[in-house]
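Report on the structure given below.
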Amino acid sequence: MEIAIIGLLVVSIVLIAFSYFQREPIKEVEQELETLQLSAMQEIYKLKKKMKVLEEELLETNIVVRKHSEIDPSIARQIISKHQNGMSPEAIARAERVSVEDVNMIIKDNERVLV
């Protein structure tokens with residue numbers, strides 16, 4: 001009986017000592033996980049920042065229609081499309097039922113987009 005108690009006591013001491021040594025890898029894994037989380041958050045931040053810049057660039061390159069103009073943006077897109085396909089401003093004005101001046105204004109305002 002005494003041998004069993006001594007054996008269990010020795011086993012418990014060995015297991016306690018073993019558990020102290022096992023805590024180190026867990027801490028290392030936790031540190032690695034924390035590092036990965038931080039780097040992932042940094043990457044997400046960078047991507048969001050790049051997305052914002054790209055969105056701003058896209059908004060800048062959208063077709064420009066002057067505020068004082070009565071022309072609908074969808075008509076302006078059609079005017080730009082027809083101009084890119086080689087139609088003359090006069091033909092575009094007749095097709096879209098707008099003035100030649102408005103057609104020329106939209107083409108001029110969107111020269112940067114057309115290049």
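Miscellaneous remarks
- When residues in segment 1-27 are screened for being hydroxyl-bearing (Ser, Thr, Tyr) and either surrounded by 10 or more Cβ atoms within 10 Å (Cβ to Cβ) or in contact with a helix residue (DSSP H, G or I) (Cβ under 8 Å, 6 or more places away or on another chain) (or both), 1 of them pass.
- SER19 being out of contact with any strand residue (DSSP E or B) (no Cβ under 6 Å at 6 or more places or on another chain) and at pLDDT below 90: yes
- Residues that are loosely packed, with under 11 Cβ neighbours inside 10 Å and at pLDDT below 80 within segment 62-83 comprise LYS67, HIS68, GLU70, listed in sequence order.
- Failed item, numbered, when GLY86 is tested on (1) at pLDDT 85 or above; (2) in a loop (DSSP other than H, G, I, E, B); (3) surrounded by 10 or more Cβ atoms within 10 Å (Cβ to Cβ): (3)
The values are calculated or read from the model by the stated rules, or taken from the named source; none is laboratory data. Worth saying up front: this structure is predicted, and the values here are computed from it rather than measured. Note that we place each Cβ from the backbone using ideal geometry, even for glycine, and neighbour counts take in every protein chain shown.
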